[in-house]
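Below is one structure, written out as structure tokens, with a few remarks after it.
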Amino acid sequence: TSYSSLILDGSISGTVTYNRSVNSFTNDATNNDNDLISAPVTGQTFGSFDSANTNLLASGSTRAFAPFNNVTGAYENYDATTNAATTLDTATGYRAATTDGGTLSFTGNAESGNVSKNVTIGDDMTYGIWNLIGNPYPSYLDVETFLTHVVSTQTSGERNIDLMESASGIYGYDGDASDGWRIITLANASGELMAPGQGFFIAADGNDVLAHDIEFTPAMRTSGNADDFIQNRT
């Protein structure tokens with residue numbers, strides 16, 4: 001129900017292992033079986049990650065770990081063999097599920113600098129504007145600081161489906177079958193924290209997407225004791 005924050009000024013010697021709570025597959029209508037996560041460290045290959053996490057849901061060589069493709073409008077699950085050498089990209093979001101509702105272990109370098117994430121407009125008529133990205137730091141992210149930076153400084157074309165710059169927001173999957181999403185905009189972002197290793201959707205602005213990236217900065221990092229978007233799991 002809460003996460004630890006590792007906030008670095010500079011670098012450390014060696015790698016960091018961060019254990020991230022991930023929703024379980026239960027095939028019922030209560031928690032909808034998935035989670036949106038991101039790698040809270042950098043440099044790890046999927047093969048290394050897969051070997052370290054035997055509780056990652058699997059079907060044959062297919063794993064329940066998938067980036068979102070806004071060209072096809074679909075999540076594309078990684079394969080244990082085909083994607084073994086694929087690096088888990090910083091600030092990329094993934095849909096994932098475990099067999100037990102436990103943690104997935106990430107091992108790599110702890111990010112302490114600025115991170116830019118390219119966002120795109122895909123060909124899919126329904127989902128082309130949507131980009132699944134994620135918190136790149138092994139610490140909480142202050143959502144209000146993030147949104148203020150992204151919207152007010154115009155470093156990206158992020159905006160929500162209302163097409164109003166003042167209402168630009170993030171969309172976090174909350175596992176609730178009644179609606180599925182927690183939406184945070186500048187209007188309700190005060191005091192909101194995003195957990196380490198948290199994935200979320202943003203909708204790109206077609207007018208600005210080629211010129212600007214989503215930018216994360218060290219000033220957005222913070223400590224805290226908040227839950228992730230799927231609430232009340234131990």
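The values are calculated or read from the model by the stated rules, or taken from the named source; none is laboratory data. Quick caveat: nothing in here was measured; it's all calculated off a predicted structure. Heads up, the Cβs are rebuilt from the backbone with ideal geometry, glycines too, and the neighbour counts pull from every protein chain shown. Heads up: the accessible areas ignore ligands, DNA and RNA and are worked out on the full protein's heavy atoms, side chains in. Shrake-Rupley method; radii C 1.70, N 1.55, O 1.52, S 1.80 Å.
Residues that are part of a loop (DSSP other than H, G, I, E, B), modelled with pLDDT of 85 or more and surrounded by 11 or more Cβ atoms within 10 Å (Cβ to Cβ) within the range 3-32 comprise Y3, S4, S5, L6, I7, L8, T15, V22, N23, F25, listed in sequence order.
Within the range 177-191, restricting attention to residues that are of a type in the set (S, T, Y) and modelled with pLDDT of 85 or more, which residue is surrounded by the fewest Cβ atoms within 10 Å (Cβ to Cβ)?
First, the residues of the range 177-191 that are of a type in the set (S, T, Y): 178, 185, 190.
In the following step, the residues that additionally are modelled with pLDDT of 85 or more were identified as 185, 190.
Numbers: T185: 18, S190: 10.
Filtering the range 177-191 for residues that are of a type in the set (S, T, Y) and modelled with pLDDT of 85 or more, the one surrounded by the fewest Cβ atoms within 10 Å (Cβ to Cβ) comes out as S190.
Could you look through the range 51-68, keep only residues that are in a strand (DSSP E or B) and out of contact with any Lys or Arg (no Cβ under 9 Å at 6 or more places or on another chain), and pick out the one that is nearest to I133 (Cα to Cα)? My answer is R63.
What number of residues in the range 207-234 are of a type outside the set (D, E, K, R), within 23 Å of D89 (Cβ to Cβ) and assigned to a loop (DSSP other than H, G, I, E, B)?
So the count comes out to 7.
Quick check, is G14 farther than 24 Å from G172 by Cα, within 20 Å of the chain's Cα centre (by Cα) and not aliphatic (A, V, I, L, M)? The answer is no for G14.
Conditions tested, residue by residue: (1) out of contact with any Cys (no Cβ under 6 Å at 6 or more places or on another chain); (2) more than 17 Å from F229 (Cα to Cα); (3) in a loop (DSSP other than H, G, I, E, B); (4) not aromatic (F, W, Y).
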site	(1), (2), (3), (4)
R95	yes, no, no, yes
F106	yes, yes, no, no
S112	yes, yes, yes, yes
S116	yes, yes, no, yes
G128	yes, yes, yes, yes
E144	yes, no, no, yes
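Screening A85 against (1) open to solvent by less than 50 Å² (accessible area, probe 1.4 Å); (2) closer than 26 Å to N131 by Cβ; (3) at pLDDT 95 or above; (4) more than 16 Å from the chain's Cα centre (by Cα) leaves a single unmet condition, (1). All but one of (1) of a type in the set (S, T, N, Q); (2) at pLDDT 95 or above; (3) open to solvent by 20 Å² or more (accessible area, probe 1.4 Å) hold for T92; which doesn't? Of the numbered conditions (1) of a type in the set (S, T, N, Q); (2) at pLDDT 95 or above; (3) open to solvent by 20 Å² or more (accessible area, probe 1.4 Å), the odd one out for T92 is (3).
The set of residues from the range 71-93 being on the phi > 0 side of the Ramachandran plot and hydrophobic (A, V, I, L, M, F, W, C) comprises just one member, A91.
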